[in-house]
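Report on one structure; see the data block that follows.
What follows draws every value from the coordinates through simple rules; no lab data is involved. Bear in mind the structure is a predicted one, so any value in this text is a computation, not a measurement. Positions of Cβ are backbone-derived with ideal geometry, glycine not excepted, and every protein chain shown enters the neighbour counts.
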């Protein structure tokens, strides 16, 4: 038989094609498809050998193959992976400090003062300018200046690694672990993307074909600590755990505590994936065929453009939409008084028993409720609530205004304020754990809904990490109190 | 007309399966013991009977391994590699 398909200049007249197909299918079964494929490739080979000149053939191994042997080797595979990831995170954290401070000065000092001056000039009533400027504007400005620089660094760096071709190698290296958890190796990529932003991580699970394994990746993405949560971990790790270490070792202990929390998140990813794939998401593990494309130099300008437009601005825009009303709500609950106390004070009193049980306190829980739209405002909200409601220390009086989010550059001062608010080392440790294990932010929840179109999975993705956080924090608090 | 290799009986004498090849060992694909979407996906990736295939990479934990076939590199888990029948390449050639 002739298996020539689509040959240039071939005969295209086809009498009774369907009849031929039927009779051929009877005789061949799967082999027909194989023969056709073989013919495609033979034809492609013929054409390329005619029209493509292969020049500069290397003797020995090409650069690609040598690089692959290092990046997936038994000795260097995992260290290279950790080093690259650590490098990206370090560049993000270190590089974002200065632009974040500049944006904060611009929006929260100059812009803020200008708006208040304008409001005074127009004769706006205090409650209106308070709500709009101290609440809505400040909430949005805070998220903007804390969030934009790290994302504008993280996403392009990540996209460049992607463009270079390294990320499939990560999936290749980690597949064994994900396979054991009943998940797909490509989940490694959505997990890493989640370190930048969980909403972006959820979207990136689209590369996983099997719906079952994609759901596992979506439900566990929140265990990757996103950009919005790093600042909380770094601050608390520094002022509570770093301070426990002897002088000189403080920053080392602080950094280790942050990395340990991150690795704990990775451990939870594997653990919860394994539990899900044996319970609600039981099923056949799908097949795994992963292309490892050749490396290529990243296209820097294109990478910058696409990662800034597609990822950074999209995520920032969603966060701003969420943060602005959150700022307004924080101002309102701090300034509306019911029965001699602000609503915030009532809520803190109401949440305090639960907070005690979790080794946290009412202020932290209230901050986590109002900061569902954006984790970036956790610390400023906690500081404001602690200063205005939780403590009556005259030496700290007047450092914050009700409803106006506050932050201080001086770690010792923050520690003094929080200690005056009743914080102990247990509070610090449990806040770090709760930062890892709590419900996703509203942007992420919305993204999960958009990707799954299922109320059930969205609810599970929201409640699962929260319940885990409650269980872990309550257990640790109980253990510490029983042993001390 | 009979196909050269019957996929229902895919192990002629002297053949082995892809998972048994050592790192950097090469062979020719005889048959794919897979069906449906999985089979089509592998055919699309270049796992065609007759093609030369070489074990290119092994991940740090030993599984999956990546195979060079038709100019591309594709990683497969051991269970899938075990379904692909291979004729060992003559070491002299």
Task: Net lengthening on full extension, residue A:120/residue A:357 (0.36 nm per residue, minus Cα-Cα) - done: 80.8 nm
- [ ] In nm, give the distance between the simple-model label positions of residue A:317 and residue A:280, each being 7 Å from the Cα along the Cα-to-Cβ direction.
- [x] 3.1 nm
TODO: Would you mind listing how long segment A:408-460 runs along its three principal axes, going by Cα atoms, in whole Å with the largest first?
DONE: 46, 23, 14
- [ ] Going by C-beta contacts inside 10 Å, put A:184, A:179 in order with the fewest on the left.
- [x] A:179, A:184
Open item on the list: Per 0.36 nm of contour for each residue apart, how much would the distance between residue A:412 and residue A:102 grow if the chain were fully extended, relative to their Cα-Cα spacing?
Closed with: 109.3 nm
TODO: Please give the FRET efficiency for residue A:65 paired with residue A:399, using the beta carbon to beta carbon distance and R0 = 51 Å, rounded to the nearest 0.05.
DONE: 0.25
TODO: Compute the distance in nm between two label points, each set 7 Å from the Cα along the Cα-to-Cβ direction, one at residue B:52 and one at residue A:22.
DONE: 4.3 nm
Task: Convex hull (Cα only) mean projected area of the protein assembly as shown, reported in nm² to one decimal - done: 35.9 nm²
- [ ] Compute from the Cα atoms of segment A:66-218 the Rg and the Dmax, the latter being the longest Cα-Cα distance, and quote both in angstrom.
- [x] 21.6, 71
TODO: Could you calculate the FRET efficiency of residue B:24 with residue A:263 from 1/(1 + (r/R0)^6), where r is the beta carbon distance between them and R0 is 35 Å, rounded to 0.05?
DONE: 0.55
Task: residue A:85-residue A:483 pseudo-label distance in nm [points 7 Å out on the Cα-to-Cβ vector] - done: 2.8 nm
- [ ] Project the alpha carbons of segment A:196-315 onto their principal axes and report the range along each, largest first, in whole Å.
- [x] 52, 45, 28
TODO: For segment A:150-165 and segment A:199-227, compute the distance between their C-alpha centroids and round to whole Å.
DONE: 18 Å
Open item on the list: Compute the angle between helix A:250-278 and the longest alpha-carbon principal axis of chain A, please, reported from 0 to 90 degrees and rounded to the nearest 10.
Closed with: 50 degrees
Task: Estimated [θ] at 222 nm from DSSP helical runs (n ≥ 4, -39500 (n - 2.57)) normalised by residues in the protein assembly as shown, nearest 500 - done: -18000 deg cm²/dmol
TODO: Neighbouring Cβ atoms within 10 Å as the yardstick, rank A:37, A:20, A:384, A:108 fewest first.
DONE: A:20, A:108, A:37, A:384
Task: Overall form of segment A:59-107 per C-alpha gyration tensor (a/c, 1.5; a/b vs b/c) - done: prolate
Task: 17 Å reach of a label modelled at residue B:37, 7 Å along Cα-to-Cβ, counting backbone N of segment A:258-288 - done: A:282-288
Task: P(r), alpha carbons of segment B:15-88 - 10 Å bins starting at zero, rounded % - done: 22, 62, 16, 0
TODO: Subtracting the Cα-Cα distance from 0.36 nm times the residue separation, let me have the gained length for residue A:425 to residue A:309 in nm, one decimal.
DONE: 37.6 nm
- [ ] List, largest first, the extents of the alpha carbons of segment A:323-483 along their principal axes, each in whole Å.
- [x] 52, 43, 34
